[in-house]
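Notes for the one structure printed next.
Where a number appears in this text, it was derived from the coordinates with a stated rule and is not lab data. Remember, predicted model here, so these are calculated numbers, not experimental data.
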Amino acid sequence: QTIVSRELGHRGGAVVSIGRFVAGEANNVIPDHALLEGTIRSFGRDVTTRVLERFHAIVEGIAATYAVRAELELLDQYP
């Protein structure tokens, strides 16, 4: 959400939503992987490109910070 609120200004023009988070099966074990699914929507291709660039940078930065591996799969479904 910081991509929209801090980098696109007050007009925004995009929505980033995580609607699914799945990790592990037990309540007392830290899982070795997690899955997050969501959507990125905007009103223009230029805004989408900017959001995706920052999204990649944030994912890579978080993975580097915690010394983990992150895979990012994007499906371009709607113009």
task = Using just the helices of the chain, give the 222 nm mean residue ellipticity in deg cm²/dmol: DSSP H runs with n ≥ 4 each add -39,500 (n - 2.57), and the total is spread over all residues, rounded to 500.
result = -9000 deg cm²/dmol
message = Based only on Cα atoms, what mean projected area does the convex hull of the chain have, in nm²?
response = 6.3 nm²
